[in-house]
Amino acid sequence: MTLKTTLYTTLAAAGMAVSALLVGPAVAQDSSGDTAVEDSAAAADVSEVELDAFADAVDAVMAIEQTYAGRLEEAEGDQSQQQQLMEEARSEMMTAVDETPDMDVDRYMEIIELARNDADLRAELTDRMEN
């Protein structure tokens, strides 16, 4: 994997696939039809306070991601500089999430995973992030 690919993969992971949530990818339905039940259970696992905190954390992470994307473009060709910027961005993103009231990195990641498989939760998060 090239450094540039690693860089963008790191930023995408650090950004916690937020853009995927905003786009609202199709959710694969299982053949048993239990998806709706699983969706409701997942959404119930995330409190209103956590939904708001998640949206706030996403705002912070996206701002950092945008800042570093520009800096990474400027460092094109300097692998050492790009690696340093990737590490700084990852650290800043994690700190931003941890400093968000009622949120931490582990819970942030859990909510991302729940939203990947829960259309209702994904829609709720998208709504909060857009407003």
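Please treat every number below as a calculation from the coordinates, not as lab data. Keep in mind that this is a model prediction, so the values were computed, not measured. In this analysis, Cβ positions are derived from the backbone assuming ideal geometry, glycine residues included, and neighbour counts consider all displayed protein chains.
Before moving on, here are some points about what is shown:
- Among T95, T100, a tally of other beta-carbon atoms within 10 Å of each Cβ gives an order, fewest to most, of T95, T100.
- Per-pair calculated FRET efficiency, R0 = 30 Å: E87 and D120 via Cβ, rounded to 0.05: 0.25
- Annotation: amide H-H contacts under 5 Å for M103 (H modelled 1.01 Å from N, sequence separation of 5 or more, or interchain): none.
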